[in-house]
Amino acid sequence: MTNSEPLRTEVLSRKDIDNKIRRISSEIIEKHSDRPVAFVGIHTRGVILAQRVFDRVSRHRTDISQGTLDIALYRDDLDNLGTIPSIRGSDLPFSVEGSHIILFDDVLFTGRTIRAALDELMDYGRPARIELAVLVDRGNREVPICPDYLGHGMNTSKAEHVLVCFDEIDGKEGVYTVIGETR
Amino acid sequence: MITEPNPSPVHSRKDLLDIESLSAEEINHLLETAKPFKELFTRSVKKVPALRGKTVLNLFFEPSTRTRASFEIAAKRLSADVTNLAVSQSSVVKGESVLDTVDTMQSMKVDYLVVRHGAAGIPNQIAKHSPASVINAGDGNHAHPTQALLDAFTIKEAMGDFSGRKILIAGDILHSRVARSVSICANKLGMEVGIFGPPTLIPHGHPDYFHTFNSFEHALEWEPEVIYLLRLQLERQSAHFFPSLREYHQVFGMTRERFELVSRKGIYIMHPGPVNRGVELTDEVLTYDRSLINRQVENGIAARMAVLYWLQPGIPSPTIEEKAET
């Protein structure tokens, strides 16, 4: 936190987030009515998003597997980072080979995280199909990747930060754009 | 499936030269990092791209197959390119000095140098001289830090924690860089350390925190939870420190009788390998369900991956003085 007060604007409220997650959930149920799917959340907040969608979808479906992905070792910018990111490891307790996977992340920005996640998934096997679900798409893509399930799309500048806060780890709920502060 | 926020990262270093200069926090960080690396071994592709495009040179001035292979596999599973340089094939025999050799390697733009040398302190000298990250893979009687890390990882995996646990290190303590690094590491992690061996092979002036014993039976009464048998380095000892191998086994080795007691108590057995059967231990020990010896080998790769991932070539290494302030 810097001394000068950062400019923080709420983009999605608690209620908005809940609505977006509900919509993503029903789209997934509709599209995958006849085959088992696996939800894979990208650390850290993608895991929470995947869990929340899972909680909704699993009321109707019992054939959904869950996994988590830590892309630290697949980043393309390890050389440029000041500190080496800690690794929490990935956990994919189902066979990736031939599976239908939905990847979850909180914010879609340059697309490089998803690129890394795709590389990692392929190292576990050859999925039949991979889809992408994100809560917020803030634009500014640097690789050709686009979401299949989207909560909220918006235009941002690269100088802004998009902050997603979830009760589970942040103790509050909401999506904000912030200028002059990082998490 | 709730995840914790990213814990504050422990800063990288340039080199890993010994255990002494690592903090308990840094050791624990490396052990935590080794865990996800070990999980990779069950995947169909056991490789991650973290060190893609980097070059690791194994510079071994002393023969080694296991440690060298372990480093090589660790580096390759991180996607680094690996070159092995063994002394007999190199120009060292033609009279080139160690630092000249390193200079030559430097022109080849190597990022990591894994060094083993018969003389203590050589890796430190190379580290001062070279912008590459230097990993000490054993220098004389001084240190073997990655061995200590893989052992700590193995103990943690078997027992869950370190605090107050007792480890007995038995054998040739005097000549053993493994004993030195393992005992310092165990102590930093909060374990109690006992040492036992022929009186001629126990160093004078060992640290106060070591418990010492005058017989194996006496040491077992101390109730260690891990017994770490050191390899008798038959190739290294010129002087005679004990009468015969047979007598060494009877007095200082894991005999059948002692093993019976040890297995009844469920004490873990470790050994840095390769074992001298019938000297440090008997054949039964190798099939004992609480023998961690094979797991040590497997964990060596994960621990060395964690070290390679953690070190950063080219960054200034904190000096001892700076370290003392923090």
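The values are calculated or read from the model by the stated rules, or taken from the named source; none is laboratory data. Just so you know, these numbers come straight off a predicted model, no measurement behind them. Cβ atoms come from the backbone with ideal geometry, glycine included; neighbour counts cover every protein chain shown.
Can we say A:LEU121 is more than 13 Å from the chain's Cα centre (by Cα) and closer than 29 Å to B:ILE27 by Cβ?
Working: more than 13 Å from the chain's Cα centre (by Cα): yes; closer than 29 Å to B:ILE27 by Cβ: no.
So A:LEU121 does not fit the description; no.
Over 18 Å from B:ALA152 (Cβ atoms) and either at pLDDT 95 or above or within 11 Å of another protein chain (Cβ to nearest Cβ) (or both): is that true of B:HIS11 in this structure? Yes.
Could you check segment A:64-172 for strands (runs of 3 or more DSSP E) lying wholly inside it with 2 or more residues that are more than 14 Å from chain B (Cβ to nearest Cβ)? Show your work before the answer.
Details: elements: A:64-69, A:100-108, A:129-137, A:149-153, A:161-165.
The strands (runs of 3 or more DSSP E) meeting that bar are A:100-108, A:129-137, A:149-153, A:161-165.
Within segment B:155-200, the set of residues being aliphatic (A, V, I, L, M), modelled with pLDDT of 95 or more and not in a strand (DSSP E or B) comprises B:ILE155, B:ALA158, B:MET159, B:VAL178, B:ALA179, B:VAL182, B:ILE184, B:ALA186, B:LEU189, B:MET191. Considering segment A:24-63, the residues that are away from chain B (no Cβ under 14 Å) and basic (Lys, Arg) include one that is farthest from A:GLY171 (Cα to Cα), namely A:ARG35. Return a yes/no flag: does segment A:106-116 have any residue that is in contact (Cβ under 8 Å) with a residue 24 or more places away in the chain, out of contact with any Asp or Glu (no Cβ under 8 Å at 6 or more places or on another chain) and surrounded by 22 or more Cβ atoms within 10 Å (Cβ to Cβ). Yes, some residue in segment A:106-116 is in contact (Cβ under 8 Å) with a residue 24 or more places away in the chain, out of contact with any Asp or Glu (no Cβ under 8 Å at 6 or more places or on another chain) and surrounded by 22 or more Cβ atoms within 10 Å (Cβ to Cβ).
Examine segment B:168-184 for a residue that is free of Cβ contacts under 8 Å to residues at least 24 places away in the same chain and either surrounded by 22 or more Cβ atoms within 10 Å (Cβ to Cβ) or assigned by TED's automatic domain parsing to the domain that holds B:LYS156 (or both), and state whether such a residue exists.
Restricting attention to segment B:168-184, the residues satisfying the condition of being free of Cβ contacts under 8 Å to residues at least 24 places away in the same chain are none.
Looking through segment B:168-184, none of the residues is free of Cβ contacts under 8 Å to residues at least 24 places away in the same chain and either surrounded by 22 or more Cβ atoms within 10 Å (Cβ to Cβ) or assigned by TED's automatic domain parsing to the domain that holds B:LYS156 (or both).
Among residues belonging to segment B:229-254 that are crowded, with 17+ Cβ neighbours inside 10 Å and in contact with a Ser or Thr (Cβ under 9 Å, 6 or more places away or on another chain), point out the one that is farthest from B:THR282 (Cα to Cα). That would be B:PHE242.
Within segment B:216-242, the set of residues being part of a loop (DSSP other than H, G, I, E, B) and either farther than 17 Å from B:LEU174 by Cα or of a type in the set (D, E, K, R) (or both) comprises B:TRP222, B:GLU223, B:PRO224, B:GLU225, B:ARG231, B:GLU235, B:ARG236.
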